[in-house]
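The values are calculated or read from the model by the stated rules, or taken from the named source; none is laboratory data. As the structure is a computational prediction, the values presented were derived from the model and not from experiment. With ideal geometry, Cβ positions are generated from the backbone for all residues, glycine too; neighbour counts draw on all protein chains shown. Quick note on the areas: whole protein, heavy atoms, side chains included, nothing else; ligands and nucleic acids left out. Shrake-Rupley method; radii C 1.70, N 1.55, O 1.52, S 1.80 Å.
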Amino acid sequence: MLKRLFLILIICFSLIFLVYSRITPVTKLWRGYTVLYTSSTVSENTVLSVLSKCGISGVITLSEQDKTIPKTMSPARFAAENKNYMDYPEEIKKYFFDESQKFQLYYVPDGYRSELSDALETLLRLGSCGVDETVSYPIFVPVICALFFLCLLVSAENRLAFVLFAIFPLVFCVCVPGSINGVATCLLLYGCFLLQKLYSKQNAIFPGFHNVFLLLSFFSPILISFSVSLKNAGLCAATVAGTIASACMILHFKGKSSVRLPRNFRVGSSTFSPISIISAPYTSIVTQEVADCLFLCAGAILLQIVLALFPQQRISSSSGVTGLSLPSPSVSRNADFLPDLNDYLNWSWNLLTFQYRPLWLSEKDLDSANGFKEGDVIEVPFFKIEGTKVVQEEGKRFVYGEQFLNEMLQSIENAGQKRIELLLAEQGNNAKFAYAINSGGVDANAQPSLVILLCTVCIPLGMALYYIYRRRKQYANSI
């Protein structure tokens, strides 16, 4: 009785957790931030006042960039005629306007979706505005999983059991859509297909889960879900727990109900208890037909990956504005790129080390950081008077490259400054940026990279190859 109650609690908790924590797939241009754009006729103070009243803070704005430029001892001698010199403070202002200069942009940190909706209602009364988020449900994921489910259902020996086992994976696919979750669903459906082979067998669960195919089918989805987020992995774990709990109830009680004494053996004090001729430990659940379905599973996963390469991203609007060209991460090699972190590195390096460089350097080297390479060091010795002597002590030390860049970004973060470099760093140190109308964007639910998705195809293919190897080894031993 306690075992049955415990299984029911797991099933109910897993189902409620899945439905309550369902994820709405949202695509946007920037990782970690949502772009709010308003008509340039609306003042920045007005917009920030509305956002503040709605409880939104930490917004990266144009006015904050001028306030946080560090002071420098360098003379104002950067030659405008020097083609290698970039006026970085002026160039980064492009990040705060669309390409037509008709809209001003504000970068709102993640976590304010409901507050941002309230702010948009107020801002719409002042002029055109919107955000770059697009709610786009990837319908191809549940469709492919449903087709894969139907193919397995046709091949299943115990179809009713398979349908009951597959409830949780199908609910997971609908409530938590996405390419990696589609992959997890296909693997879980295959695991359910293996479980239905144990239907009506005694002692089915624990011997069954000693099978390497079952273990990989049920627990590898949890591992690959970590590539998306911890929440996604938790939802996948709840799906696995609900599926296993359902299977335990169905297999356990079906196995008990299948044990019946024939009519002529129903005598009063008989202690004879017959069991199934072939119990679960001696049931081969991976046959040639079951192994063939692994290639079908790999095909379903590969199809989802291919379709995931064609995202339907467009900049949405709350006021009918379409076709905006906004700054965004870019993979194009021919784009007119905006300033990136490498430009920030060179600018800040030049700003802080200018006064410490040798005077015999050329004009070009003085006005830019192009002459420096990763690991180059500028040391500034300090001196102090001890008694009648002048003693050298440890001074400033600048190391050009990633170390210097990280130090600058850390100083911005520690000072609580709202600079655009924090947004750029969130996208990766090597990212490039440009204006774009239709960008691939990034998934707000942090979809994994293409490399990780391609690696997941190896799971069913690896199991298929293992089955082929084991069959050949058995055949060789029988000769």
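Annotations for the structure displayed:
- Here Phe382, Phe398 are screened, and the one residue that is touching a helix residue (DSSP H, G or I) at 6+ places or on another chain (Cβ under 7 Å) and without any contact (Cβ under 8 Å) to a residue 60 or more places away in the chain is Phe398.
- Failed item, numbered, when Tyr37 is tested on (1) surrounded by fewer than 17 Cβ atoms within 10 Å (Cβ to Cβ); (2) at pLDDT 85 or above: (1)
- Filter pass, Leu164 being within 16 Å of Arg22 (Cβ to Cβ) and surrounded by fewer than 24 Cβ atoms within 10 Å (Cβ to Cβ): no
- Taking segment 238-250 as the range and being open to solvent by 30 Å² or more (accessible area, probe 1.4 Å) and closer than 14 Å to Arg22 by Cα as the test, no residue passes.
- Scanning segment 51-63 for residues that are surrounded by fewer than 20 Cβ atoms within 10 Å (Cβ to Cβ) and over 23 Å from Ser100 (Cβ atoms), we see that the one that is nearest to the chain's Cα centre (by Cα) is Gly58.
A quick yes/no check of all residues on (1) at pLDDT 80 or above; (2) charged (D, E, K, R):
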{"residue": "Val321", "(1), (2)": "no, no"}
{"residue": "Val331", "(1), (2)": "no, no"}
{"residue": "Phe337", "(1), (2)": "yes, no"}
{"residue": "Pro358", "(1), (2)": "no, no"}
{"residue": "Glu379", "(1), (2)": "yes, yes"}
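- Close pairs from segment 154-173: first over 25 Å from Ile139 (Cβ atoms), partner among the aromatic types (Phe, Trp, Tyr) and open to solvent by less than 10 Å² (accessible area, probe 1.4 Å), Cβ under 8 Å, at least 6 apart: Ser155/Phe193; Ala156/Phe162; Ala156/Phe193
- Among the helices (runs of 4 or more DSSP H) confined to segment 185-295, the ones with at least 2 residues that are modelled with pLDDT of 55 or more are located at 212-225, 230-257.
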